[in-house]
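For reference, the structure is listed below as structure tokens.
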Amino acid sequence: MTYLDVLEIMHKVGYHIKRSVIHDVVDYVDNMLRDSRILVINRDGEPYALVLFSISNSYEPYFLKNDFDFLPHNPNGRIIYLEKLISKGWDKELRKQFEETILQIYPQLETAVWHRRGDRKIVAKRRLQYV
């Protein structure tokens, strides 16, 4: 997968990039791809959601950075911070699919954190029934 593939998926699932940040987005996506920190979730054979994430023991550096700044992560960390969640919808089935996939790659994860617009923090503890 290339950054162009990711940009196409972003557009398909409803994310439109402003011209003023296109270079920042391309650099960010390219770095996230090289670091294997992008997960595409398909539904009915088509991309349905795109998750860009970081693993660490603290989510604060990722929350405080600018939207398209790339920061290294610690793949041995216990917290996953969802930097970008771009999807046509978010339901229990999609969350379960994401959780199962990410835990296969990073079984040590205990907590997921993300922020909704307005800086409202969401924390989800690992649900063992989905593993």
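Any residue in the range 56-73 that is small (Gly, Ala, Ser) and in contact with a Gly (Cβ under 6 Å, 6 or more places away or on another chain)?
yes
Could you check how many residues of the range 11-31 are closer than 26 Å to THR101 by Cβ, hydrophobic (A, V, I, L, M, F, W, C) and touching a residue at least 40 places away in the same chain (Cβ under 8 Å)?
Here the count works out to 2.
Out of LEU71, LEU94, LEU82, I need the residue that is modelled with pLDDT under 90 and under 14 Å from the mean Cα position of the chain (by Cα). Which one?
It is LEU94.
For the range 1-53, which positions are small (Gly, Ala, Ser) and in a strand (DSSP E or B)?
Start the filter on the range 1-53 by keeping residues that are small (Gly, Ala, Ser), which leaves 14, 20, 36, 45, 49.
Passing the criteria: only ALA49.
Which of the residues spanning the range 70-86 are loosely packed, with under 13 Cβ neighbours inside 10 Å and of a type in the set (D, E, K, R)?
Matches in the range 70-86: none.
Please determine, by comparing only the residues of the range 97-131 that are among the aromatic types (Phe, Trp, Tyr) and not in a loop (DSSP other than H, G, I, E, B), which one is modelled with the lowest pLDDT.
Only one residue tops the list, namely TYR130.
Output the residues belonging to the range 68-90 that are aromatic (Phe, Trp, Tyr) and under 23 Å from ILE22 (Cβ atoms).
The answer is PHE68, PHE70.
The values are calculated or read from the model by the stated rules, or taken from the named source; none is laboratory data. As the structure is a computational prediction, the values presented were derived from the model and not from experiment. Using ideal geometry, Cβ is built from the backbone for each residue, glycine included, and neighbour counts are taken over all protein chains shown.
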